[in-house]
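Below: the structure, in structure tokens.
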Amino acid sequence: MNRYIEDTRIKISFVVLLSICLLVLPSCSRAPYKDKSYRKITPSEEISVEYSLLHQDGQILKIKFFNHSGKSYSYGNGYYVEYDYKGEWYTIPTDKVWGLIGNSYVAGREIVNTYDTREMYGQLSDGHYRFIQTVILYDYEDGEEIGKNTYDIAVEFYLEKENSFFGRYDEV
């Protein structure tokens, strides 16, 4: 009889331990942000632009935009940062608002801008991210706007323990 009670205790202990693991482990692998990205990134060759990370110092990004097209693109001060979790991109929420300033990426020109992502998103944890900016191409006929197309362009970057960059970059 003692052997039967001992076997039952072991089985119950095993079932309890397994139940705890099944309840706790899925919550450990949950994505850090709740909203998956809805953005479709436009390949740079599709709109004839080069958008690249020149340098990174922690969360300060120096990004180059070179417009190879014969058209000028407009952009504002706003940008988005998304986090890659197991191959899926997630939107990082922010309560900040951007000013509506109109800037231009002029045809055939290069512009280098510096962004401190801490201003919009605070301290980010280690991981794989992408910086996204929306650009607009306005269509005109006889001096009047007849339409516009918007494109999301992105540069990926990484943060690691010392918040330094690892991966590809070109020094200026």
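Values for this structure:
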quantity	calculated
Among (1) polar (S, T, N, Q); (2) within 17 Å of T117 (Cα to Cα); (3) part of a strand (DSSP E or B) - the single one N77 does not satisfy	(3)
Residue in the stretch 127-151 that is nearest to the chain's Cα centre (by Cα), counting only those that are charged (D, E, K, R) and surrounded by 11 or more Cβ atoms within 10 Å (Cβ to Cβ)	R130
Unique residue being under 14 Å from I111 (Cα atoms) and free of Cβ contacts under 8 Å to residues at least 40 places away in the same chain when the list is N77, N67	N77
Residue list for the stretch 42-59, filter: more than 21 Å from Y73 (Cα to Cα) and either small (G, A, S) or exposed (fewer than 14 other Cβ atoms within 10 Å of the Cβ) (or both)	D57, G58
Residue that is nearest to Y151 (Cα to Cα) [pool: residues in the stretch 74-89 that are surrounded by fewer than 18 Cβ atoms within 10 Å (Cβ to Cβ) and hydroxyl-bearing (S, T, Y)]	S74
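Coordinate-derived values only; no laboratory data. The structure displayed is predicted, hence computed values, not measured ones. Glycine gets a Cβ as well: all are built from the backbone with ideal geometry, and neighbour counts include every protein chain shown.
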